[in-house]
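Shown next, in structure tokens, is the structure this report addresses.
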Protein chains: 2
Amino acid sequence: MTQLKTNVVVQEVGLRDGLQSVSQVMPTEAKKAWISAAHQAGVRHMELASFVPPKLLPQMADATEVVAHALTLPSLVVTALVPNLRGAENALKAGVHRIVAPISVSEKHSLANVRKTPDAMIEEFARIRQLRDSEPAWSSVTLVGGLSTVFGCTFQGYVPETDVLRVVLATIEAGADVVALGDTTGHATPSHVGRLLDRLLPLAQGKVNSLHFHDTRGMALANTVVALDHGIREFDASLAGIGGCPNAPGATGNVATEDLVYMLQAMGYETGIDLPNLLKIRDTLTDALPEASLYGYIARQGILDGSLPMQLSARGVQ
Amino acid sequence: MTQLKTNVVVQEVGLRDGLQSVSQVMPTEAKKAWISAAHQAGVRHMELASFVPPKLLPQMADATEVVAHALTLPSLVVTALVPNLRGAENALKAGVHRIVAPISVSEKHSLANVRKTPDAMIEEFARIRQLRDSEPAWSSVTLVGGLSTVFGCTFQGYVPETDVLRVVLATIEAGADVVALGDTTGHATPSHVGRLLDRLLPLAQGKVNSLHFHDTRGMALANTVVALDHGIREFDASLAGIGGCPNAPGATGNVATEDLVYMLQAMGYETGIDLPNLLKIRDTLTDALPEASLYGYIARQGILDGSLPMQLSARGVQ
């Protein structure tokens with residue numbers, strides 16, 4: 001008599017993508033409290049640190065300590081971003097479950113973000129793969145190619161789909177277990193998402209199953225609907241929509257986790273996340289980062305009275 | 001060598017649905033300026049007045065004068081809302097092209113909004129149809145059944161789909177030329193929209209082709225994508241997202257016209273609307289209604305550099 005529901009992974013990236021563009025450094029204890037509270041609310045995937053030189057990004061100076069805390073929480077899949085081989089080594093030593101390396105399709109963004117061309121970054125990615133494979137203890141670590149500026153670039157403008165296809169295939173060739181597609185700058189629109197996935201998925205060997213939308217122009221949820229229709233089952237989001245990209249002027253934060261979870265649950269997808277508990281974590285952000293802008297519709301409007309979305313949800317999958 | 005693009009009608013309803021929940025009365029001259037500027041920007045469908053007793057809604061006391069102004073603008077389809085037979089007579093005498101009568105699926109909302117049950121309102125609707133048919137000069141006026149609380153109701157909560165089907169069919173039976181489906185309170189989610197249209201469209205004799213979303217919980221654009229997939233080609237929207245519903249507590253405004261037009265154009269649909277000119281009209285609102293909250297992503301972020309959305313648009317329909 002079990003009811004089958006489709007699981008969708010919502011990965012909280014606020015601690016990485018969100019905080020990296022917040023100038024005020026969040027105290028380590030507040031980060032730990034956020035992680036614990038998110039875990040308590042049912043979040044099981046978090047990208048929560050960057051292994052970068054502290055001088056470049058003081059916000060991430062506590063990456064090792066933050067990861068160590070996250071690893072104490074049962075069933076939490078811990079992901080860290082690494083811009084290069086050295087960062088990958090540090091992340092692997094810290095014990096993360098997944099490392100994601102950013103590979104920009106746009107050359108201008110790539111140079112601004114990691115000081116390498118896309119091709120040079122793919123070469124670095126291959127070296128990261130070799131590093132992971134060099135140590136048996138790391139064999140279960142998932143290597144994610146985190147493609148950025150997939151749908152457009154603030155510097156370059158239009159990003160040709162053929163460039164995206166080329167970088168995806170080269171990233172797979174270089175050893176990616178998973179390729180995530182990032183709309184770093186909020187350029188994506190529903191038809192663009194659908195068109196790209198139509199072309200890409202038949203070639204991607206099942207490795208493209210994660211999307212990352214910024215809500216710069218309000219399109220993130222509409223884009224998500226199209227991606228769901230194409231079978232994508234993992235999405236990044238940032239609590240209260242905080243963040244942006246320090247190297248993509250004008251880009252605002254990721255889609256708000258609360259709004260994404262609300263929509264997914266109302267559509268009958270199982271996220272495992274308790275929305276009222278998730279909403280309470282906003283207070284942690286407000287306390288620790290009083291200057292940061294918080295976004296989100298559900299936080300403003302509240303969840304619908306009673307269990308209406310859940311009723312709809314159950315009906316939606318019958 | 002002409003390129004075929006699919007036309008989508010965007011009906012500006014800010015002057016009616018938006019203003020009816022703004023306490024500050026907008027001066028008639030400002031309304032006229034808004035209408036002219038919208039027409040200048042390419043808007044060709046506007047619902048711009050309610051023919052209700054001025055005592056009940058002072059904001060709409062100038063309905064006849066506003067309609068008279070709108071009728072001077074070439075190719076502008078002028079729609080007014082009428083809550084009863086008397087309002088319909090006044091609207092018809094004023095010369096509107098379309099009259100829309102609100103029929104709530106939720107009985108509680110119906111009683112609050114028009115002081116009639118849904119069935120009693122459908123009877124009134126049939127009388128409005130008789131009135132229109134009684135005068136040859138009015139034979140070209142389109143009669144729209146504007147269904148509200150189709151996806152939920154702040155008073156009643158869940159609105160059963162069988163109730164929606166019953167009211168749609170009864171409204172058609174009572175003489176509607178068009179039935180518009182309104183998410184008065186921002187309850188709709190993408191799967192709900194899809195499920196309802198799947199059930200409804202095969203029964204609706206081609207008369208359901210207009211949807212009306214409020215963006216209370218940020219779902220309006222995602223819902224629009226699903227409706228487009230189902231062949232819906234007319235959508236209501238409100239400049240700067242102003243408005244709500246005075247008889248539906250907690251409902252915020254319609255989806256912002258600017259954001260809807262941006263998405264549609266980026267998806268390759270032809271709206272005929274010039275987005276930069278549309279955005280300029282926000283200044284009219286700010287000047288005339290300094291206390292009203294203005295919303296919208298595109299106004300905040302700007303249109304993308306160059307003609308990127310248009311390029312994508314063209315590519316989307318090849």
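The table below gives the values:
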item	result
A:17, A:236 arranged by Cβ crowding within 10 Å, fewest neighbours leading	A:17, A:236
Long-range HN-HN contacts of residue B:152 with modeled amide H, under 5 Å	B:159
Shielding score for A:222-228, defined as the mean number of other chain Cβ atoms within 10 Å	6
Cα centre as origin, Lys/Arg/Asp/Glu Cβ charges: the stretch A:197-304 dipole, Debye	220
Projected label distance in nm at residue A:270 and residue A:173, using a 7 Å step from Cα toward the beta-carbon	4.0
3J(HN,Hα) from dihedral phi, the stretch B:253-264, Karplus parametrisation 6.51/-1.76/1.60, rounded to Hz, x for glycine, proline	x, 4, 4, 5, 4, 4, 5, 5, 5, 4, 5, 4
Computed magnitude of the charge dipole of the stretch A:6-316 (debye, nearest 20; Cβ of K, R +1, Cβ of D, E -1)	260
Amide proton proximity set for residue A:142, modelled H, under 5 Å, gap of 5+	A:98, A:99
Alpha carbon centroid spacing (whole Å) that separates the stretch A:111-145 from the stretch A:187-208	23
Of A:276, A:64, A:216, farthest towards positive along the dipole that unit charges on Lys, Arg, Asp, Glu beta carbons give the stretch A:6-316	A:64
Pseudo-label separations to other copies for residue A:160 - Cα-to-Cβ vector, 7 Å, nm	5.8
Phi to ³J(HN,Hα) by Karplus 6.51 cos²θ - 1.76 cosθ + 1.60 over the stretch B:189-206, Hz, x for Gly, Pro	10, x, 5, 5, 4, x, 5, 5, 5, 4, 7, 7, 4, x, 9, 8, 6, x
Above-threshold pairs, the threshold being 18 Å between Cα atoms, out of A:32/A:280; A:31/A:280; B:32/B:55	B:32/B:55
Listed residues A:231, A:18, A:272, most fluctuating in chain A (Gaussian network, C-alpha, under 10 Å)	A:231
Per-copy distances of the residue B:136 label point, shortest first, in nm (7 angstrom along Cα→Cβ)	9.7
Residue exposure sequence - B:235, A:51, A:155 - by fewest surrounding Cβ within 10 Å	A:155, A:51, B:235
³J(HN,Hα), Karplus 6.51/-1.76/1.60, whole Hz, each residue of the stretch A:156-169, x for Gly, Pro	8, x, 5, 10, x, 5, 5, 5, 4, 4, 4, 5, 4, 5
Qualifying trypsin sites (Lys or Arg not before Pro) for the stretch A:21-101 [loop in DSSP, other Cβ within 10 Å: at most 12]	A:55
Pseudo-label separations to other copies for residue B:6 - Cα-to-Cβ vector, 7 Å, nm	2.0
Residues B:198, A:229 arranged by fewest to most Cβ contacts within 10 Å	B:198, A:229
Cα-only radius of gyration and Dmax that characterise the stretch A:33-72, units Å	11.1, 34
Theoretical FRET efficiency, 1/(1+(r/R0)^6), r = Cβ-Cβ of residue B:162 and residue B:75, R0 25 Å, to 0.05	0.05
For the stretch A:1-44, size of Cβ-based charge dipole, Lys and Arg +1, Asp and Glu -1, in debye	120
All aspartates and glutamates inside 14 Å of residue A:5 as judged from Cα atoms, apart from same-chain residues fewer than 8 positions distant	A:270
Residue-averaged 222 nm ellipticity for chain A, from DSSP H runs of 4+ at -39500 (n - 2.57), nearest 500	-11500 deg cm²/dmol
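None of the figures in this text is laboratory data; all of them are computed from the coordinates on show. This one's a predicted model, so the numbers in the text were calculated from it and none came from an experiment. Cβ sites come from the backbone with ideal geometry, for glycine too, and all protein chains shown count toward neighbours.
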